[in-house]
Each structure stands twice: as C-alpha cells, then as structure tokens.
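Below: one structure, written as structure tokens.
The values are calculated or read from the model by the stated rules, or taken from the named source; none is laboratory data. As the structure is a prediction and not an experimental result, all values here were calculated from the model. When we count neighbours, we look across all protein chains shown, and the Cβ atoms used for this are built from the backbone with ideal geometry, even at glycine. SASA here: full protein model, heavy atoms, side chains in, ligands and nucleic acids out. Shrake-Rupley method; radii C 1.70, N 1.55, O 1.52, S 1.80 Å.
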Amino acid sequence: MKYYNHFEDLKLHHNTVITLGKFDGLHEGHRNLIETMMKVKEKKGLRALIFTFSVPPKSHITGQPMPVITTNEEKRALFEEIGVDYFIECPFSDELMRMSPREFVSFLVNELQVKCFVVGEDFCFGYQRAGNIETLEELSKEFGYDLFVKSKIQHKGRDISSTYIREELVAGNMKTAEKLLGYPYFIENKIVHGNHIGRKMGIPTVNMEIDPQKVIPPKGVYVSRITILDDGSTYMGISNIGNKPTIGDDYPTGVESFLFDFDGDLYGKVLRVSLLYYVRAERKFENLDALKAQIDKDISFAREYYGNVTKVC
Ligand SMILES: Cc1cc2nc3c(=O)[nH]c(=O)nc-3n(C[C@H](O)[C@H](O)[C@H](O)COP(=O)(O)O)c2cc1C
Ligand SMILES: Nc1ncnc2c1ncn2[C@@H]1O[C@H](COP(=O)(O)OP(=O)(O)OP(=O)(O)O)[C@@H](O)[C@H]1O
C-alpha cells in the first residue's frame, strides 16, 4: 500500500476507484463500502484509493481534539491488511477546506485519476459540506466517472457510525461496540514499568499508557484478550483501566493486564489489549489484601467467561 500525507504536488499515475471519509474505527459500515470498492477494482482493473484526513475536519475547524476509536497509525495498519493500493491521509488545510465541490471533484479526477466513486448515501464534501450525492451525480456527466451509492448498514434501527460506536464505548457497552466494529475495541502500546507490587501480590501484570487521542471506556475491570504483536501470540486475561487509587492519588490513566498462564518478560514489547466485557468499576480498597481478594474474584470471573480456554494461538 502506498501512503501519502501531503496535498501539494499530489499526483497518481494509475486509474483509481475511490472512497472517502474519516473512517474512524473502520466499522462494519465502512467495511461494506470498502468491499464494494474492492469488487469494482477487480472488475474494472482499477487501483483502490482511500482518501481521508489526518485530523478530523471538525477538530480542525473547532480546534478541539476529538477522541478517536483508532489512531491514524492503527487505521493505516487496518487498511494495509485489507489490501488497499493507495492511502491518502491529507492534512486538512484551509486551501482544501475552501475548495468548492466542483473544484474538489476536479482535483480528484485530474490529479488522482478517479474513474469511479463508492460512497455512502449521506456523503457530503467540499466547502461547508455543500456537495452531496446529487452534486456527485451531476458532476459525473461533466467529468465522466461512475458512481456507486451504498445505503447505510444499520444496527437496531440506527445507522452504524463512528459516533454511535464512541457512545457505546464511553458507556462500557463493549459487546455492542464489538458488533458495530466487527472486532473488539482495542488499545495498543508499548509496555512500561509499573511499581512491581503486582508480582509481590502473586498477580504479575503488564502496564501500558493510553494514547491521549483514544476514546477511553469507563475506568474499571475488563475481560480481555491480549496479543503480543511481535509474534502474534494471544492470551486470555483480565485488564484494569484506571489510576490505581488504592496505591496512590496521582497515577495517570493506564491499562494494566494479567495474562492467564503466561510466564516471561514482556518489557519493551507492544501489546494489543482487546476489551471484551466490562466487569466492574475501579475502586479504592482499604488495603492491598482487600484489593488482591477482589482481583482473584475478577480472575475467576474471566476464566469462567472464557470457559477455561487460555491461549488462543
Ligand atoms: C484485574 C485488575 C483489577 C484491578 N482493580 C483495581 C481496583 O479496583 N482499584 C485499584 O486501586 N487498583 C486496581 N488494580 C490495579 C492494582 O492496584 C495493581 O495491579 C497493583 O497495584 C500492581 O500494580 P503494578 O503493576 O504497578 O505493580 C487492578 C488491577 C488488575 C489487574
Ligand atoms: N453504516 C454505514 N453503511 C454504509 N456506509 C457507511 C456507513 N457509515 C458510513 N458510511 C460511509 O463511509 C464513508 C466514510 O464515513 P465516515 O467515517 O466519514 O462517517 P461515519 O462512519 O458515519 O462516522 P461519523 O459518526 O464520524 O460521521 C462515507 O461515504 C459514509 O457515507
């Protein structure tokens, strides 16, 4: 997959089928659209092109960062897995923001060799989101491209969208979020050192910081699945999102996991912690013994949840 993160001098030399949007989370609706794009690619001998922005346009306009389901890096890796040919992650500049719908389409057709658009029925583009499906249809007569418009995939009568998924994640509804995403919500990062209290309690854990851009589900304990990205090995486990209030008052919010039936050194490794089920809220316990007794119960709960399967692959 070829990756571009600039707008100036952007030019492609092969004919393309394009789909555009924020693609936060790469959810089931996005995947439906991308499936169509990949079919068109094969049928018409085109290259598959994803056009997205490095910062959500709303964040650029309001200056407020918006929590994301997937960081740009995670999104790029997911598109690479799907087999997209070109991935353009454009900075959302004022020049781009002021382009009229016609100017934007002209840029796509003339510089990015777009021969076909695949978009959702509510797709909007151009200055102040003035362009819509009718505009794209109208402009296709002048610019000579094909247009596929997909109706939106729904769950329980509501369109699947990144906004919907962020709401479910913030509410701790991990099962619904998983259904909408098509995979469980995950947090990835490098392991950092903790206080080494866990090992003394007989529950050795790995600690990770959370990328400040990510949506953080409620603080508390989750049944989790942990993948060591270096070799792909995957373990069942239990994780806590929070600040360890029993231990101190000023720990930053992080994720801490206990991998079932794992013995080894994970410092410096990158983990993907998939959060499958919200068990309980994080609490301040009277002492370490009370905390340990509760964590033992959490572990029993999670083992039962898994039906005593521990290592996946
Ligand atoms: C499953 C699980 C549940 C936890 N629940 C809590 C909690 O409710 N309250 C709390 O203060 N710390 C909680 N912790 C964090 C512990 O305080 C932490 O594991 C312990 O202090 C060891 O941390 P260390 O790795 O920095 O040594 C939990 C950790 C795990 C793995
Ligand atoms: N449920 C869906 N079914 C089919 N296509 C979808 C669905 N949701 C979004 N799309 C299409 O995917 C493309 C990218 O969508 P985009 O990520 O910008 O919006 P979204 O997923 O609806 O999230 P948000 O809540 O941030 O608006 C657009 O063409 C959009 O119409």
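Beta carbons closer than 6 Å, at least 6 apart along the sequence or on distinct chains, pair a first residue in the range 234-245 that is buried (at least 19 other Cβ atoms within 10 Å of the Cβ) with a second that is aliphatic (A, V, I, L, M) and assigned to a strand (DSSP E or B) for 235/226; 235/259; 237/226; 237/259; 239/255; 239/273; 240/221; 241/255.
Residue by residue, here is whether (1) under 18 Å from residue 30 (Cα atoms); (2) in a loop (DSSP other than H, G, I, E, B); (3) within 19 Å of the chain's Cα centre (by Cα) holds:
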{"position": "149", "(1), (2), (3)": "yes, no, no"}
{"position": "166", "(1), (2), (3)": "yes, no, yes"}
{"position": "179", "(1), (2), (3)": "yes, no, yes"}
{"position": "184", "(1), (2), (3)": "yes, yes, yes"}
{"position": "188", "(1), (2), (3)": "no, no, yes"}
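Does residue 194 count as outside any strand (DSSP E or B) and more than 30 Å from residue 133 (Cβ to Cβ)? For residue 194, the condition - outside any strand (DSSP E or B) and more than 30 Å from residue 133 (Cβ to Cβ) - is met. Figure legend. Inter-residue proximity from the range 108-129: first residues within 16 Å of ligand 2 (Cβ to nearest atom), second residues part of a loop (DSSP other than H, G, I, E, B) and among the small types (Gly, Ala, Ser), beta-carbon distance below 6 Å, spacing 6+ or different chains. Indicated pairs: 121/151; 126/100.
You will find that of 212, 204, the residue that is touching a Gly at 6+ places or on another chain (Cβ under 7 Å) and either within 16 Å of ligand 2 (Cβ to nearest atom) or assigned to a loop (DSSP other than H, G, I, E, B) (or both) is 204 and no other.
Hey, could you check the range 130-152 for residues that are at pLDDT 95 or above and of a type in the set (A, V, I, L, M, F, W, C) and say which is farthest from ligand 2 (Cβ to nearest atom)? The extreme case among them is 143. Pairing residues of the range 171-196 that are not assigned by TED's automatic domain parsing to the domain that holds residue 217 and at pLDDT below 95 with residues that are in a helix (DSSP H, G or I) and crowded, with 19+ Cβ neighbours inside 10 Å, at Cβ distances under 6 Å and at least 6 apart in sequence or on separate chains, gives no pairs at all.
Please work out if residue 304 is open to solvent by 40 Å² or more (accessible area, probe 1.4 Å) and either at positive phi or within 12 Å of ligand 1 (Cβ to nearest atom) (or both). Criteria not met by residue 304. Among the residues of the range 262-288, those identified as surrounded by fewer than 10 Cβ atoms within 10 Å (Cβ to Cβ) and acidic (Asp, Glu) are 263, 265, 286. Is it true that some residue in the range 17-27 is within 19 Å of residue 126 (Cα to Cα), open to solvent by 70 Å² or more (accessible area, probe 1.4 Å) and among the basic types (Lys, Arg)? Yes, the conditions are met somewhere in the range 17-27. All conditions in (1) without any contact (Cβ under 8 Å) to a residue 40 or more places away in the chain; (2) under 18 Å from the mean Cα position of the chain (by Cα) hold for residue 8, with the sole exception of (2).
The number of residues in the range 138-166 being within 30 Å of residue 109 (Cα to Cα) and basic (Lys, Arg) comes to 3.
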